[in-house]
Amino acid sequence: MRTSTLTHALTLRWITGRRLVIAVPFVWLACAFLVPFLIVMRISFTEPDAANPFGTLMTLIDGIVTFKLKVSNYLFIAQDDLYSLTYLSSIKFAAITTALCLLIGYPFAYFMARAKPTVRPVLMMMVMLPFWTSFLLRIYAWKGILANNGILNHFLISVGAITEPLHLMNTQFSLIIGMVYAYLPFMILPLYANLVKMDVRFLEAAADLGATPMQTFWRITVPLSKSGIIAGSMLVFIPAVGEYVIPELLGGPETLMIGHVLWDEFFTNNDWPMASSVTVVVILLILVPMAVFNKYKAEQQMAGRA
């Protein structure tokens with residue numbers, strides 16, 4: 001009887017501890033994401049007020065409580081072509097950046113995962129090395145490289161490849177170069193973490209069955225690294241959509257992105273409700289497809305297990 005009671009008590013303590021451990025990240029996500037998002041959403045439904053940028057939803061006049069929700073900002077976003085074109089432009093540049101980071105980062109991650117265990121820490125340090133320098137300084141360095149009188153044009157002229165400086169700055173090319181450079185480590189790291197844990201016996205079995213190296217790569221390595229590809233793509237695509245610093249420093253008029261629009265609404269127009277509405281739409285445009293994709297993926301996994 002005492003053994004059964006002790007076992008029951010230990011089980012309850014284990015369940016309580018497990019729930020506590022699981023609750024910690026949920027509490028953190030609620031404080032770091034859900035609460036700020038709800039605050040921004042609240043501001044988006046208010047009237048702009050110079051004295052109170054957060055606005056008010058409820059007013060008390062002569063003992064009467066009035067509750068107002070302003071939806072005209074969302075209607076204006078849906079009707080104004082500027083916002084739709086800016087959203088599409090941001091998604092386009094983020095998608096191009098993600099695809100290029102994957103094409104460049106996958107070979108890097110594969111090489112790191114197949115390197116000797118003693119060499120892997122050095123390769124990892126080389127990937128992490130750019131983070132030791134300020135993000136702003138690294139982007140400014142590209143201005144010196146791509147400017148009309150910059151390092152790249154000087155080099156091309158000195159070797160006789162061109163006779164006049166190329167216009168590389170403030171173009172889509174300079175924007176994509178800067179974004180790929182900035183976000184490439186975020187693609188390499190999850191891919192490496194996935195590839196380094198891959199069981200090489202699958203590759204050996206494929207080779208024994210007569211598969212060529214290319215067939216083994218496409219039919220074994222890539223499918224097994226799908227979770228790393230998805231994680232890396234999300235880590236690159238999501239922040240790239242709302243990027244502000246790189247388009248501001250390296251982009252031009254044809255590279256307008258939603259981050260610049262948000263800056264103008266917040267600090268130039270001082271219209272916090274409009275800026276908050278734009279922010280809510282951006283978040284929903286990113287999170288809703290992700291939620292649908294994750295639900296579809298979970299249903300596929302459950303169907304596969306069944």
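The values are calculated or read from the model by the stated rules, or taken from the named source; none is laboratory data. Predicted model only: the values in this text are computed from it and were never measured. Glycine also receives a Cβ, built like all others from the backbone with ideal geometry; neighbour counts cover every protein chain displayed.
Residues in the range 116-128 that are surrounded by 14 or more Cβ atoms within 10 Å (Cβ to Cβ), of a type in the set (A, V, I, L, M) and over 25 Å from the mean Cα position of the chain (by Cα): there are none.
Taking residues in the range 11-39 that are under 29 Å from Ser276 (Cα atoms), and partners anywhere that are at pLDDT 80 or above, the pairs with Cβ atoms closer than 8 Å and at least 6 places apart or on different chains are Phe37/Val280; Phe37/Ile283.
Find all pairs meeting these conditions: Cβ atoms under 6 angstrom apart; at least six residues apart or on different chains; first residue within the range 157-176 and farther than 23 Å from Gly242 by Cα; second residue surrounded by fewer than 18 Cβ atoms within 10 Å (Cβ to Cβ) and not hydroxyl-bearing (Ser, Thr, Tyr). If the second residue must be surrounded by fewer than 18 Cβ atoms within 10 Å (Cβ to Cβ) and not hydroxyl-bearing (Ser, Thr, Tyr), the pairs left are Ile162/Leu156; Pro165/Asn148. Comparison of Glu254, Glu248 shows that the only residue that is assigned to a helix (DSSP H, G or I), free of Cβ contacts under 8 Å to residues at least 40 places away in the same chain and more than 21 Å from Tyr106 (Cα to Cα) is Glu248. Flag set for Pro117, criterion: modelled with pLDDT of 85 or more and not in a helix (DSSP H, G or I).
Only residues that are among the hydroxyl-bearing types (Ser, Thr, Tyr) and either touching a strand residue (DSSP E or B) at 6+ places or on another chain (Cβ under 7 Å) or farther than 30 Å from Ala231 by Cβ (or both) were counted in the range 132-191, giving 3.
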